[in-house]
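The values are calculated or read from the model by the stated rules, or taken from the named source; none is laboratory data. Bear in mind the structure is a predicted one, so any value in this text is a computation, not a measurement. Glycine also receives a Cβ, built like all others from the backbone with ideal geometry; neighbour counts cover every protein chain displayed.
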Amino acid sequence: MCVHHHSLHCVLPPYVLEHLSASDNEKIRRAAIDALRMDEQARTLRTTMTMMPAMAAIPSQNGNKYRSVYTLRNKPPSPYTFPGKLLRSEGQGKCGDAAADEAYAGAGHVYDFYLKQFERNSLDDRGMALISSVHVGKKYNNAFWNGEQMAYGDGDDQLFRRFTRSLDVIAHELTHGVVTHTCNLQYQDQSGALNEHFADVFGCLVKQWRNTQTAKQASWLIGEEIMGPGTQAKSLRALTGDKAYADDPLLGTDPQPKHMDDFVNMAGDNGGVHYNSGIPNHAFYLAAMKTGGKAWSKMGSVWYQTMQRLTSTSQFNDAAIVSIESAGELFGRSSAEQKAVSSAWAEVGISP
């Protein structure tokens with residue numbers, strides 16, 4: 001079990017890689033061990049960038065949307081290999097590299113979502129450039145935000161496909177940057193689980209917004225498009241009451257709880273940040289389903305305001321209080337929206 005006080009924001013939870021690292025299949029075991037090793041190599045830079053987010057924010061050339069995509073040419077991630085060779089920059093047409101073009105388009109969708117929905121100019125609200133590196137490592141099973149840029153593995157094409165295939169994965173990782181430049185939630189215990197929670201929520205909302213889906217039409221799954229033929233799992237995580245996978249021959253069973261009665265107390269995974277994020281995730285899902293319509297419009301506005309008002313050490317109870325207050329401010333005291341938020345938190349065992 002790897003325990004790190006400052007953890008890299010990877011979309012693939014460490015419990016998945018650790019489970020796979022014990023597989024009887026040598027190729028799967030080796031791929032998981034290699035992914036864990038590369039995650040560790042990237043953590044040093046991530047730790048530094050979290051401590052000084054303003055310095056990590058590279059300004060765009062004109063203060064507006066600016067994307068650049070590089071290739072690491074399958075080299076391992078490190079301060080010496082990033083960002084790699086430039087493949088495509090803002091305004092240029094498709095380069096013909098599927099991963100690069102997906103990373104470019106996905107970053108654009110995330111930028112447009114935050115600008116059009118919340119008048120936020122990039123991750124830092126100051127026009128931060130959106131830099132991505134693709135083809136990170138050899139068959140690397142993960143994608144991560146290191147505090148300065150995105151990095152995407154190609155996957156092993158068995159358990160996971162290339163990570164740029166999934167817009168919610170891209171939006172999840174980039175939202176970690178938004179969290180850093182708002183409440184900067186500490187990546188430990190409940191505050192760390194909230195960090196993961198906001199990334200999951202806005203990952204889903206960007207995808208729903210792009211596809212013009214209502215709350216009832218959406219799947220509420222994270223990472224559907226990256227799952228490979230070697231697993232029966234439908235996704236990495238599910239915000240619904242269901243598990244993303246159960247009794248999978250390779251992945252086992254999704255361990256995320258949906259209620260405080262099942263809260264996981266552990267030293268690893270920075271106090272269970274990838275586990276316990278399932279609880280506020282489900283609360284958001286319930287609130288969105290209760291109000292219906294376009295989740296990014298109503299509940300997205302409530303959660304965005306909540307994210308701005310929390311502090312680095314906020315706990316689940318704080319998030320519940322602030323979101324209930326925000327719903328009242330945005331839609332009226334005792335409104336259907338405020339009641340939906342309050343009821344949703346209560347249903348997962350949090351009644352502030």
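If we keep just the residues of segment 121-162 that are modelled with pLDDT of 95 or more and basic (Lys, Arg), which is nearest to Ile226 (Cα to Cα)?
Arg161
Being touching a Cys at 6+ places or on another chain (Cβ under 7 Å) and surrounded by fewer than 18 Cβ atoms within 10 Å (Cβ to Cβ) is true for just one of Ser351, Ser312, Ser334. Which residue is that?
Only one candidate qualifies: Ser312.
Name, by its number, the condition in (1) closer than 25 Å to Gly241 by Cα; (2) in contact with a Leu (Cβ under 7 Å, 6 or more places away or on another chain) that does not hold for Ala320.
The single condition Ala320 does not satisfy is (2).
Name every residue in segment 243-267 that is over 20 Å from Val348 (Cα atoms) and touching a residue at least 40 places away in the same chain (Cβ under 8 Å), in order of residue number.
Result: Leu250, Leu251, Gly252, Ala267.
Quick grid of which residues meet (1) surrounded by fewer than 24 Cβ atoms within 10 Å (Cβ to Cβ); (2) at pLDDT 95 or above:
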{"position": "Arg165", "(1), (2)": "yes, yes"}
{"position": "Leu174", "(1), (2)": "no, yes"}
{"position": "His181", "(1), (2)": "yes, no"}
{"position": "Ala199", "(1), (2)": "no, yes"}
{"position": "Cys204", "(1), (2)": "no, yes"}
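Does Ala107 count as in contact with a helix residue (DSSP H, G or I) (Cβ under 8 Å, 6 or more places away or on another chain) and over 19 Å from Asn62 (Cα atoms)?
Spelling it out, it is not the case that Ala107 is in contact with a helix residue (DSSP H, G or I) (Cβ under 8 Å, 6 or more places away or on another chain) and over 19 Å from Asn62 (Cα atoms).
Return the residues of segment 117-141 that are at positive phi, crowded, with 21+ Cβ neighbours inside 10 Å and of a type outside the set (Ser, Thr, Tyr); say none if nothing qualifies.
Across segment 117-141, the qualifying residues are His135, Gly137.
Here is a check on your reading of the model: is Ser191 in a helix (DSSP H, G or I), in contact (Cβ under 8 Å) with a residue 12 or more places away in the chain and either assigned by TED's automatic domain parsing to the domain that holds Leu310 or buried (at least 23 other Cβ atoms within 10 Å of the Cβ) (or both)?
yes
Among the residues of segment 66-93, what is the count of those that are touching a helix residue (DSSP H, G or I) at 6+ places or on another chain (Cβ under 7 Å) and at pLDDT below 95?
So the count comes out to 4.
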